[in-house]
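For reference, the structure is listed below as structure tokens.
The values are calculated or read from the model by the stated rules, or taken from the named source; none is laboratory data. Since the structure is predicted, the reported quantities are computational estimates derived from the model, not experimental observations. For neighbour counting, all protein chains shown are included, and Cβ atoms are generated from backbone atoms with ideal geometry for every residue, glycine included. Just the protein is used for accessible areas: all its heavy atoms, side chains included, with ligands, DNA and RNA removed. Shrake-Rupley method; radii C 1.70, N 1.55, O 1.52, S 1.80 Å.
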Amino acid sequence: MGARAVPAGEDPIRPDAAGTVTIRVDGLEVSGIDGQSIAGVLMASDRLELRRTARGDRPRGVFCGIGVCFDCIVEVNGVHDVRACQRRAHDGDTVITTGDGARRSGAVS
Amino acid sequence: MRQVVIVGAGPAGLAAARAARGAGADVVLLDSSDALGGQFWRHLPESRPSQHEKRLHHGWDRFRELRDSLEADPRVRIVRGGQVWAIETFAGVAVHVVVGESDGALRDREVFAPDALVLATGAHDRTLPFPGWDLPGVFTGGAAQALAKGERIAVGQRVIVAGAGPFLLPVAQSLASTGSTVLAVLEANSAGSIIRGWSRRPWELIPASGKGMELVGYAAGQLRHRIPYRTGRAVVAAHGTDRVESVTVAALNADWSPIPGSEQRVEVDAVCVSHGFTPRLELAVAAGCDLSGEGFVVVDDDQLTSTPGVYAAGEITGIGGVDLAIAEGEIAGRHAGGALGGAASARRRRRVFTGFAKRIEAAHGIKPGWTGWLTEPTIVCRCEEVTCGAIRQAARTTRSESLRSLKLTTRAGLGICQGRMCGRTVEDLLGAASTEGSLQDDASPHRRPIAFPLRLGELADPTRQLEHETSKGTQ
Ligand SMILES: Cc1cc2nc3c(=O)[nH]c(=O)nc-3n(C[C@H](O)[C@H](O)[C@H](O)COP(=O)(O)OP(=O)(O)OC[C@H]3O[C@@H](n4cnc5c(N)ncnc54)[C@H](O)[C@@H]3O)c2cc1C
Ligand code: FES
């Protein structure tokens with residue numbers, strides 16, 4: 001038990017039927033609801049770890065949830081340092097969570 | 001035609017957009033998110049319609065009305081997915097934006113040179129470090145809120161909400177709405193301090209009674225869900241191998257130092273911790289706006305900052321909640337749009353809700369004893385994995401009292417989040433370690449010439465610069 005998506009039948013907001021998206025995460029197919037973020041798709045199946053850190057090899061997942069902490073960065077379709085909490089999942093996205101994206105970053109700051 | 005650019009489409013920015021249009025100006029409303037509403041009105045995407053989304057929100061009808069009217073207005077351009085990454089003020093104001101999918105490699109660059117700029121960039125949670133706070137399953141309160149409202153994700157099934165401030169209540173409420181069991185809401189401040197903060201001169205609260213009712217509503221929700229609200233307690237450590245499995249809860253003294261022997265271990269699968277909010281100041285600092293001693297943007301009666309033509313509204317001028325953000329946005333937008341004076345009702349509301357914010361700070365502010373729950377190996381800078389021990393050691397051995405040199409020695413605050421998570425904490429730790437107890441700083445922790453990480457390729461690609469008429473007076 002842990003993180004999960006609220007089952008549509010139990011949700012007090014009474015959601016209409018929604019479409020699905022399927023992405024490939026570290027080689028495995030994962031399905032989610034159309035419009036979910038990549039972090040949301042993974043958390044819906046209780047997957048919290050999104051990467052491991054470069055120095056301490058420590059697991060990290062979503063922390064701030066609004067795009068400021070950069071703890072949730074993953075590789076999406078070959079591009080590093082994509083915040084999984086901010087990026088909506090699209091059908092066919094290829095996501096890689098292994099390794100510390102920040103290390104290989106082409107980001108300037 | 002006068003053009004106003006507004007950064008941030010939360011309550012403050014939306015209100016500013018409406019008011020600037022009311023004053024007759026053309027408006028460009030930018031937000032890095034692909035949805036309007038900011039943090040308060042974060043909602044499900046259009047691809048996920050529902051019968052009763054309103055149940056998750058306060059003021060939902062007001063939001064819908066604001067959003068719909070702005071979307072329908074041909075003289076409002078709404079730029080979704082527009083990340084502002086730099087602001088220059090050499091000759092007038094220039095706002096640099098990349099537009100496209102979040103962190104994408106192929107975003108378009110745009111530059112705006114408006115007659116006036118309104119900054120309404122809001123705030124994010126401030127979470128103090130504790131041992132294990134970097135484990136997956138430890139979230140900010142805002143994260144739990146954002147995932148519940150924006151995705152209908154429950155971050156856990158057995159959850160503790162902890163920290164300080166009235167925001168813990170809506171977080172617990174949102175968790176309950178996702179079917180999570182909230183074991184307790186733990187407020188670090190003592191009941192006495194909260195009662196003193198809230199009830200001093202209670203008549204001052206009467207005009208803010210809408211806000212009071214909202215909080216009463218939350219309290220009623222907690223009773224309905226049987227969520228215990230306990231004061232003078234904190235989560236002082238999280239434990240687990242690859243994710244949080246349990247937390248240590250301790251009773252606190254009035255200064256937040258943990259009371260030895262009071263620790264209890266509680267099994268959880270998630271914990272949500274928030275000790276207040278930190279304003280998102282990087283754009284205001286880039287625009288040269290003066291900050292107050294408490295670290296907020298200084299504005300005059302018209303919400304004008306110290307930089308000509310640059311206004312600020314919402315949480316970046318002080319943490320005061322949604323009603324204050326809206327009142328400030330109305331005033332800022334109206335003046336940015338070229339109107340003089342007026343906005344009497346917004347000014348009155350601003351006064352009332354500013355008083356409300358002061359009470360929250362008095363009742364729920366951070367107390368210095370929190371450093372008592374740190375251990376030497378506790379990570380302080382999450383990005384660079386710098387420990388509390390390393391920071392204290394550097395402060396001692398270099399006798400360094402400047403943030404800049406401490407950062408360079410330890411790398412604290414130099415990671416990809418650009419010090420957003422640990423900047424103030426590092427300042428506090430250094431302040432405590434320094435002899436005078438105060439920080440001599442030669443570098444603002446908010447100074448980020450590039451306000452947001454960008455890809456070099458995006459900067460270098462000439463084809464991605466949109467050529468359109470954005471200069472003053474051409475639209
Ligand atoms: C995660 C979270 C959840 C919250 N939930 C609640 C709640 O349920 N109830 C409550 O009373 N209060 C809540 N708050 C407090 C909240 O800050 C205020 O109530 C209110 O949202 C403040 O309005 P604002 O317009 O000042 O800022 P915000 O609503 O924060 O809006 C700021 C906007 O600016 C945008 N922005 C920031 N920087 C840039 C940039 N560089 N480029 C482009 N766009 C940018 C952001 O994407 C955001 O949409 C929450 C705060 C957070 C952080
Ligand atoms: S969780 Fe903080 S940036 Fe995604």
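What pairs come out if I take residues in region B:88-102 that are within 14 Å of chain A (Cβ to nearest Cβ) and pair them with residues that are basic (K, R) and within 16 Å of ligand 2 (Cβ to nearest atom) whose C-beta lies under 7 Å away, six or more apart or interchain?
From residues that are within 14 Å of chain A (Cβ to nearest Cβ), the pairs are B:E101/A:R87; B:S102/A:R83; B:S102/A:R87.
Could you list all residues from region A:6-44 that are of a type in the set (S, T, Y) and within 16 Å of ligand 2 (Cβ to nearest atom)?
A:S37
Filter the strands (runs of 3 or more DSSP E) completely within region B:1-116 down to those with at least 2 residues that are among the small types (G, A, S).
The qualifying strands (runs of 3 or more DSSP E) are B:82-88.
Look through region B:160-188, keep the residues that are outside any helix (DSSP H, G or I) and more than 24 Å from B:T278 (Cα to Cα), and return whichever of them is most open to solvent (accessible area, probe 1.4 Å).
Of everything passing the filter in region B:160-188, B:T181 is most open to solvent (accessible area, probe 1.4 Å).
Only one of A:V6, A:V68, A:V25 is under 22 Å from B:S32 (Cβ atoms) and either facing chain B (nearest Cβ under 9 Å) or open to solvent by less than 10 Å² (accessible area, probe 1.4 Å) (or both); which?
A:V68
Determine whether A:R55 is under 22 Å from B:R411 (Cβ atoms), crowded, with 16+ Cβ neighbours inside 10 Å and at the interface with chain B (Cβ under 7 Å from one of its Cβ atoms).
So A:R55 does not fit the description; no.
How many of the residues making up region B:108-151 are more than 13 Å from ligand 1 (Cβ to nearest atom) and either at pLDDT 95 or above or under 20 Å from the mean Cα position of the chain (by Cα) (or both)?
Number satisfying all stated conditions: 16.
Scan region A:78-89 and tell me whether some residue there is more than 9 Å from chain B (Cβ to nearest Cβ), in contact with a Leu (Cβ under 7 Å, 6 or more places away or on another chain) and either farther than 16 Å from B:V244 by Cβ or open to solvent by 10 Å² or more (accessible area, probe 1.4 Å) (or both).
Yes, region A:78-89 has at least one match.
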